[in-house]
Structure formats: C-alpha cells, structure tokens
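Each remark here refers to the structure printed beneath this line.
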Amino acid sequence: MRWVRRAGIASVLVFGWMFVIWQNRFHVTAPVVFVCLGYLAVVMTVVNLWRTGAMAVARDQYGEEAWARPLGARDALEKEKRTLVKAIKEAEFDHQTGKLSKADADAMIQTYRTRAIEIIKALEPYEQQSATTRAKIELEVKARLEVDGDAKSKKKAAG
C-alpha cells in the first residue's frame with residue numbers, strides 16, 4: 001500500500017513538473033527550476049498535512065494511541081488510565097535519572113495513583129457488564145449445544 005501512495009505522489013509531481021516545463025515551451029531556465037522546486041514544496045506540504053489529519057481521525061493508525069479520539073465514556077476512561085500509567089512511569093524514570101527529587105516524585109506519583117484508582121473504580125461497571133455479557137454468551141452456547149445433543153440422541157433412538 002505504501003508504494004501505491006508513493007507512486008501517486010510521484011505521478012502528481014511529474015505531471016506538475018511536465019506542465020510547468022510545457023508552459024515554458026521546454027526551455028529549462030533558473031525560474032522554471034525554482035517554480036518546480038516550489039511545486040515540490042507545496043505537494044510535500046499537502047502530503048504531510050494529509051498524513052497528520054489522517055492520524056488525528058484514525059483510531060490506531062501507525063500504532064499512535066495518542067492520536068486516538070475516545071468514543072464514549074469507557075474509551076475516555078481507558079485513555080486517561082493509560083496516560084496516568086505512562087505519567088507514573090515517566091515520574092519514576094525522572095527520579096531515577098535525578099531530574100526529580102524524591103519528595104517531588106513521590107508527590108506526583110501519589111497524585112497520579114490516586115486518580116488512576118478512581119478511574120479503575122469507574123471502569124469496574126464496564127468490566128462487570130462485559131463479564132456479564134460473556135457469561136450470557138457462554139450460557140447461550142451451552143444451551144444450544146445441549147439442544148443439539150438432545151436432537152442427535154433422539155435421532156439415534158428413533159433410527
């Protein structure tokens with residue numbers, strides 16, 4: 001897929017350059033070269049803006065979770081939890097490297113952990129709901145397997 005994008009960008013560049021050169025009756029002069037370089041700059045700016053916009057709206061593009069927008073209360077809580085865990089790890093690392101004093105690091109980590117515990121408690125109903133849904137599905141599968149087993153045993157008894 002990457003090569004398709006690159007081929008598309010290259011074709012847009014070549015087409016634009018050919019248009020500029022054609023408009024100048026195939027006389028390549030310094031102004032033509034500068035116009036072609038300007039066209040290259042414009043195309044690359046558009047490509048970079050397009051990629052940035054795509055990352056902003058795509059959920060997991062290129063593995064960048066920071067760009068993902070939360071969809072609902074549960075996703076917002078999970079994103080905040082991940083952010084807090086990263087902040088705790090970063091504070092611990094900063095303390096180990098000497099950027100933070102022990103007291104500052106402990107205060108930051110305590111604040112982050114308190115908020116993380118609140119978020120984990122807020123996520124519990126969602127986890128229970130998922131577990132309840134899973135249990136319902138397992139019961140449904142078990143019931144269907146029992147019905148299929150009873151149907152097969154009735155066929156064997158009849159046949």
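The values are calculated or read from the model by the stated rules, or taken from the named source; none is laboratory data. Everything numeric in this text was worked out from a predicted model, so none of it was measured. Quick reminder, even Gly has a Cβ in these numbers, built from the backbone with ideal geometry, and neighbours come from all protein chains shown.
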**Fill in**
The lone condition Ser130 fails out of (1) surrounded by 11 or more Cβ atoms within 10 Å (Cβ to Cβ); (2) modelled with pLDDT of 75 or more is (2)
**Complete:** The residue from Phe34, Phe19, Phe26, Phe15 that alone is outside any helix (DSSP H, G or I) and aromatic (Phe, Trp, Tyr) is Phe26
